[in-house]
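The values are calculated or read from the model by the stated rules, or taken from the named source; none is laboratory data. No experiment lies behind these values; they were computed from the predicted model shown. Virtual Cβ from ideal backbone geometry, glycine too; neighbours counted across all protein chains shown. When the accessible area is computed, the model is the full protein with side chains, heavy atoms only, and any ligands, DNA or RNA have been set aside. Shrake-Rupley method; radii C 1.70, N 1.55, O 1.52, S 1.80 Å.
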Amino acid sequence: MSHEPFVIERTYPAPIQKVWTALTDKDEMKTWYFDLKEFKPEVGFQFEFTGGPKDRPYLHKCQVTQVIPGRKIAYSWRYEGYPGNTEVIFELFEEGNSTRLKLTHAGLETFPANNPDLDAKNFAEGWTAITAQLGSYLEAQKN
């Protein structure tokens, strides 16, 4: 059993400030991520949303744990009624006219091993799709 965090990196042809805004503005987030009632890139800010299979939705409970404006945001990620607490970290790196995103989801091994919905491979698939959606969103913003 691996206790390595899930890490994915993507480079987007967009300036770092545009990517940061996409990661932290709730109106932009709803187009590529989740439709949050409220979101603030402030340490201690708590937010929640429902996601997962349509017949088995999960209430995601999150709290912002780190903010370095324009560079890094992290938050806890857990599920109402289930053991386990993880952390999602978005880090941005300027690369010329592009921005490299490094997304880390650590602590997945704290989720119940007997729940197939919370298996690490599902997070890998989910984050791969979400980072692709972010790329599509940023591409559409160029026009």
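Please list the three semi-axes, largest first and in whole Å, of the ellipsoid equivalent to the chain, using sqrt of 5 times the eigenvalues of its alpha carbon gyration tensor. Write down the numbers at each step before the final one.
Values: eigenvalues 125, 52, 45 Å².
Semi-axis lengths for the chain are 25, 16, 15 Å.
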Classify the range 60-143: rounded, prolate or oblate, from the alpha-carbon gyration tensor (a ≥ b ≥ c, eigenvalue square roots; a/c under 1.5 rounded; otherwise prolate if a/b is larger than b/c)? prolate
Structure-based [θ]222 nm, the chain - -39500 (n - 2.57) summed over DSSP H runs of at least 4, per residue, nearest 500: -8500 deg cm²/dmol
Between N114 and A132, 0.36 nm times their residue separation minus their Cα-Cα distance comes to what? 3.6 nm
On the accessible surface of the chain, probed at 1.4 Å, how many percent belong to carbon and sulfur atoms? 49 percent
Based on DSSP, what percent of beta bridges with both residues in the chain are antiparallel, to the nearest 5? 100 percent
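If you stretched the chain out fully between T11 and I68, how much longer would it get, using 0.36 nm times the residue separation minus the C-alpha to C-alpha distance? Provide the component values of the computation, followed by the final result.
Details: separation 57, 0.36 × 57 = 20.52 nm, distance 1.93 nm.
Here the segment from T11 to I68 would lengthen by 18.6 nm.
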Straight-distance crosslink candidates among aspartates and glutamates, where the alpha carbon sits under 15 Å from K30 and sequence neighbours closer than 8 are dropped: E38, E48
All lysines inside 17 Å of K26 as judged from Cα atoms, apart from same-chain residues fewer than 8 positions distant: K18, K37, K40, K61, K72
Using a simple spin-label model with points 7 Å from Cα along the Cα→Cβ vector, what separation in nm is obtained for K26 and K142? 3.1 nm
